[in-house]
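Below you'll find the structure, written out as structure tokens, and then a few comments.
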Amino acid sequence: MGKLFYVIGKSSTGKDTIFKSLMENAELALQPFVMYTTRPMRAGETPGREYYFTDEEGLSRMAGQGKVIEVRSYDTVHGIWKYFTAHGDDIDLENCNYAMIGVLDSFRAARDYYGAGKVVPLYIEVEDGERLQRALDRERAQEAPRYAELCRRFLADSEDFSEENIQKSGIGRRFQNKNLQECIQEITAYILEEEAR
């Protein structure tokens, strides 16, 4: 039976880099479970890799087909951006293992939808000062930096990922991303243990 390994953490904790490394590891044989968003694509993103990019009409169509597991709306300085999880016809948790990136709300929704035994959290942490510097460096590299949005996300993460919310989500194991390669090795070993269960 397959499992969905759910990479979770505040913004700029290295989730995308860790996810890419896990997906490239042939030993893990993970398939991508890609979320959807109505926000604009960032420089360097590819549709179907980080997210499926859609609009309100696309979201409504999928919801009408009963495929939407959860939807989150964020009132950003650039308007309402929505992120959502949808169950596609290509998902086969009976025979394959998947990995995806998300937040606590989407993790809980996926766990409730597929069952706790099928959805395994991989919670990534980085010290806040280091995380803020990483976010600033990433935003500076954008063609049109959105510093106000960076600040909004940083502050919202403190509330969204409070200790109370982490505990409420049933997350016990945490992975510290102080050294990227060591963190990836630790997560890889953990996934192999979980796949063997």
* Structure fact -> Here the FRET efficiency for GLU159 versus ARG49, based on Cβ atoms and R0 = 22 Å and rounded to 0.05, is 0.15
* To do: Run through the DSSP bridge list for region 1-92 and note the antiparallel percent, rounded to the nearest 5.
  => 70
* By per-residue mean of other Cβ atoms within 10 Å, what is the highest-first order of 38-46, 106-114, 25-33, 7-15? -> 7-15, 106-114, 25-33, 38-46
* Cα-projected label distance for GLN185 with GLU127, points at 7 Å along beta-carbon direction, nm -> 2.1
* To do: Report, in debye and to the nearest 20, how large the dipole of the chain comes out about its Cα centre when Lys and Arg carry +1 and Asp and Glu carry -1 on their Cβ.
  => 180
* Structure fact -> Quick tally, 1.4 Å probe accessible area for HIS87, HIS78, sorted with the most first, runs HIS78, HIS87
* Asked: What order do ARG49, ARG61 take when sorted by accessible area (1.4 Å probe), most exposed first?
  -> ARG61, ARG49
* Structure fact -> In whole angstrom, the spacing between the Cα centers of region 156-197 and region 73-118 equals 16
* Nonlocal amide H pairs with LEU122, under 5 Å, H built at 1.01 Å -> TYR6, VAL7, ILE8
* Asked: Rounded, prolate or oblate: which fits region 140-179, taking a ≥ b ≥ c as square roots of the Cα gyration tensor eigenvalues, rounded meaning a/c under 1.5, else prolate when a/b beats b/c?
  -> oblate
* Asked: Residues with beta-carbon under 9 Å from that of GLY170, excluding GLY170: net charge, scoring Lys, Arg +1 and Asp, Glu -1?
  -> +3
* To do: Give me the percent of DSSP beta bridges within the chain that run antiparallel, rounded to the nearest 5.
  => 30
* To do: Provide the convex hull volume over Cα atoms per residue for region 5-147, in Å³.
  => 125
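The values are calculated or read from the model by the stated rules, or taken from the named source; none is laboratory data. Only a predicted model underlies this, so the values are computations on that prediction, with no experimental measurement involved. Cβ: placed from backbone, ideal geometry, glycine included. Neighbour counts: every protein chain shown. The accessibility values were calculated without ligands, DNA or RNA, using every heavy atom of the protein model including side chains. Shrake-Rupley method; radii C 1.70, N 1.55, O 1.52, S 1.80 Å.
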